[in-house]
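> Before we start, here is the structure in question, set down as structure tokens.
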Amino acid sequence: MTAAAPRPVVDPALLNGAPAATQWANLGYWPARSYPEAAAGLARRVGRAVGLQADDVVLDVGCGHGDSLMLWVREVGVRRAVGVEPDAAVVAATNARLRAAGVQGRAEAVQGRAEAVQGRAEVVQARAEAPSILAPSAVLCVDAAYHFDTRQSWLTDLARTVPPGTLLGLADLLVTRRALRGTAVRRFAARAGIPEANLWTAHDVEPLLADCGWRIDRMVRCGPEVLGGFARFAARSAARLALAPRRGGWRALGTAATIAALGVGTRVDYAIIAAQRT
């Protein structure tokens, strides 16, 4: 399996504002009063879509700087939340944040690529406080799966490592059939580190999940709320973002401008997807 281009990196402080207690880095669900509120809102909707409950053990793939792990523990009360991130420095900083927040006994981050997620269930099993917790009951991925190499390989491998009934929640990018007939979306994907194989349409989701071993329960399309909302947020923040190119300001602006140029619903869309391991 060839490696995909690195995931676009934007300094969380540019998005969350400084000083800020949060370090979210997803596109957010809008309208919202602030970026952190929008970002937390997107994560909450993924949790609600799968019906996350207090007795769940969560595997959060692409957990970023750990804000979602804290949300699952504090707001939902899950028994355990383990996040997977490829960057060792991010993992170390995230675990320090979790300790400072007082949730280190129930949440932690581990280093690893999503594509090598086999064995991640054993991470939860080995470190869970209660021996009855044998595997994650819910696997969540908030705004990251379209960067995996590839999403389909990840979903197939994941299905082999978790038991039937395991919940899957995704906040994920879609493209339209019209977009696949042109080149604009492919150029955008190449610049953003999105493998072309990950450009799926709303019509592809159910059969692809089925091929990978998952049964779709629900899909809610929300392109205007996610993509459109982030584009408007970036436009409002253009002056601040443009002054920090080395911290990803221009990358955030470029992403927003491309979304606007492609057209939400015309070439790009977004969805929150809930499924179960069959």
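The values are calculated or read from the model by the stated rules, or taken from the named source; none is laboratory data. Treat the numbers as computed from the prediction; the structure is a model and nothing was measured. Using ideal geometry, Cβ is built from the backbone for each residue, glycine included, and neighbour counts are taken over all protein chains shown.
> Given (1) surrounded by fewer than 22 Cβ atoms within 10 Å (Cβ to Cβ); (2) of a type in the set (Val, Ile, Thr); (3) within 17 Å of the chain's Cα centre (by Cα), where does VAL142 come up short, assuming only one miss?
Exception for VAL142: condition (1).
So that you can scan it fast, the table gives a plain yes or no per residue for (1) assigned to a loop (DSSP other than H, G, I, E, B); (2) of a type in the set (A, V, I, L, M, F, W, C); (3) under 21 Å from ALA138 (Cα atoms); (4) at pLDDT 95 or above:
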residue	(1), (2), (3), (4)
MET1	yes, yes, no, no
PRO6	yes, no, no, no
ASN26	yes, no, yes, yes
TYR29	yes, no, no, yes
PRO36	no, no, no, yes
ARG48	no, no, yes, yes
LEU69	no, yes, yes, yes
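Here is a yes/no grid of residues against (1) touching a residue at least 24 places away in the same chain (Cβ under 8 Å); (2) surrounded by fewer than 18 Cβ atoms within 10 Å (Cβ to Cβ); (3) polar (S, T, N, Q); (4) under 16 Å from ALA252 (Cβ atoms):
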| residue | (1), (2), (3), (4) |
| --- | --- |
| VAL9 | yes, yes, no, yes |
| ALA18 | no, yes, no, yes |
| TYR29 | yes, no, no, no |
| GLY64 | yes, no, no, yes |
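> List every residue pair whose Cβ atoms lie under 6 Å apart, where the two residues are 6 or more positions apart in sequence or sit on different chains, the first residue falls within segment 83-111 and is in contact (Cβ under 8 Å) with a residue 24 or more places away in the chain and farther than 21 Å from ALA138 by Cα, and the second residue, located anywhere, is in a loop (DSSP other than H, G, I, E, B) and of a type outside the set (D, E, K, R).
ARG97/GLY66
> Given the conditions (1) modelled with pLDDT under 95; (2) surrounded by 22 or more Cβ atoms within 10 Å (Cβ to Cβ); (3) more than 14 Å from the chain's Cα centre (by Cα); (4) not acidic (Asp, Glu), which single one is not true for LEU167?
(1)
> Suppose we filter LEU199, LEU253 for residues that are at pLDDT 95 or above and closer than 22 Å to PRO36 by Cβ; which single one remains?
Among LEU199, LEU253, only LEU253 is at pLDDT 95 or above and closer than 22 Å to PRO36 by Cβ.
> Quick check on segment 74-110: of everything there that is in a loop (DSSP other than H, G, I, E, B) and over 14 Å from VAL57 (Cα atoms), which residue is modelled with the lowest pLDDT?
Checked segment 74-110; the qualifying residue modelled with the lowest pLDDT is GLN104.
> Give me the residue from segment 222-260 that is among the basic types (Lys, Arg) and without any contact (Cβ under 8 Å) to a residue 60 or more places away in the chain and, out of that set, surrounded by the most Cβ atoms within 10 Å (Cβ to Cβ).
Checked segment 222-260; the qualifying residue surrounded by the most Cβ atoms within 10 Å (Cβ to Cβ) is ARG236.
> Okay, moving on. Would you mind telling me which numbered condition in (1) in contact with a Lys or Arg (Cβ under 9 Å, 6 or more places away or on another chain); (2) at positive phi ASP143 fails?
For ASP143, the exception is condition (1).
> Also, quick follow-up: Among the numbered criteria (1) closer than 26 Å to TRP200 by Cα; (2) buried (at least 18 other Cβ atoms within 10 Å of the Cβ), which single criterion is violated by GLY263?
GLY263 satisfies all of (1) closer than 26 Å to TRP200 by Cα; (2) buried (at least 18 other Cβ atoms within 10 Å of the Cβ) except (2).
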